[in-house]
Amino acid sequence: RFLIKGGLAGAAVYVAYDQGLLGSGTQGAEALKRAQAALPPAIQEWTSYLGWELPPTPKIDFSPSDSWNKGVQSVMSALSVAPTRACEYTVEGWKYVKDLVK
């Protein structure tokens, strides 16, 4: 049982590595484009084989590398203003405490 689970996990990691999912952002974006091109025909084939009727798939315009870059920029922006914001909040906090004490 452990060997079967280990084999499946190893195979999943190998397929992810082979398809470029564990590489850079551009390799991941290329793998996503390949998957978006290959999945709809495969799903259509299986649904026609099984006799199911599925609604049309929505078009997704998503770039992992752009999302990653936007996330990194947001985090770096927040970290760059963090000391200034901490000082401002500390000053406001002291003013609030002084007003309560009066």
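Between 95, 102, which is open to solvent by 100 Å² or more (accessible area, probe 1.4 Å), at pLDDT 90 or above and farther than 25 Å from residue 36 by Cα?
Within the list 95, 102, the selection yields 95.
Considering only residues that are surrounded by 12 or more Cβ atoms within 10 Å (Cβ to Cβ) and under 18 Å from residue 38 (Cα atoms), which ones fall in region 10-27?
Correct list: 16, 19, 20, 21, 27.
All but one of (1) assigned to a helix (DSSP H, G or I); (2) surrounded by fewer than 10 Cβ atoms within 10 Å (Cβ to Cβ) hold for residue 58; state the number of the condition that does not hold.
Status for residue 58: all satisfied but (1).
Where the second residue is polar (S, T, N, Q) and surrounded by 13 or more Cβ atoms within 10 Å (Cβ to Cβ) and the first is closer than 11 Å to residue 19 by Cβ and lies in region 30-43, which pairs have Cβ atoms under 8 Å and are six or more apart or on separate chains?
Cβ pairs passing all conditions: 31/19; 34/19.
Can you confirm whether region 28-36 contains a residue that is surrounded by 11 or more Cβ atoms within 10 Å (Cβ to Cβ) and more than 23 Å from the chain's Cα centre (by Cα)?
No: region 28-36 contains no residue that is surrounded by 11 or more Cβ atoms within 10 Å (Cβ to Cβ) and more than 23 Å from the chain's Cα centre (by Cα).
Can you name the residue in region 61-87 that is outside any helix (DSSP H, G or I) and either farther than 19 Å from residue 24 by Cβ or open to solvent by 90 Å² or more (accessible area, probe 1.4 Å) (or both) and, of all such residues, is modelled with the lowest pLDDT?
Within region 61-87, the first condition is being outside any helix (DSSP H, G or I), and the residues that meet it are 61-63.
From what's left, either farther than 19 Å from residue 24 by Cβ or open to solvent by 90 Å² or more (accessible area, probe 1.4 Å) (or both): 61-62.
Values: 61: 71, 62: 67.
Here the answer is 62.
Please state which one of 29, 12 is under 22 Å from residue 69 (Cβ atoms) and not hydroxyl-bearing (Ser, Thr, Tyr).
Exactly one residue qualifies, and that residue is 29.
The values are calculated or read from the model by the stated rules, or taken from the named source; none is laboratory data. None of the values given here were measured: they were computed from a predicted structure. Every residue, glycine among them, receives a Cβ derived from its backbone with ideal geometry; neighbour counts consider all protein chains shown. The area values use the complete protein model at the heavy-atom level, side chains included, leaving out ligands, DNA and RNA. Shrake-Rupley method; radii C 1.70, N 1.55, O 1.52, S 1.80 Å.
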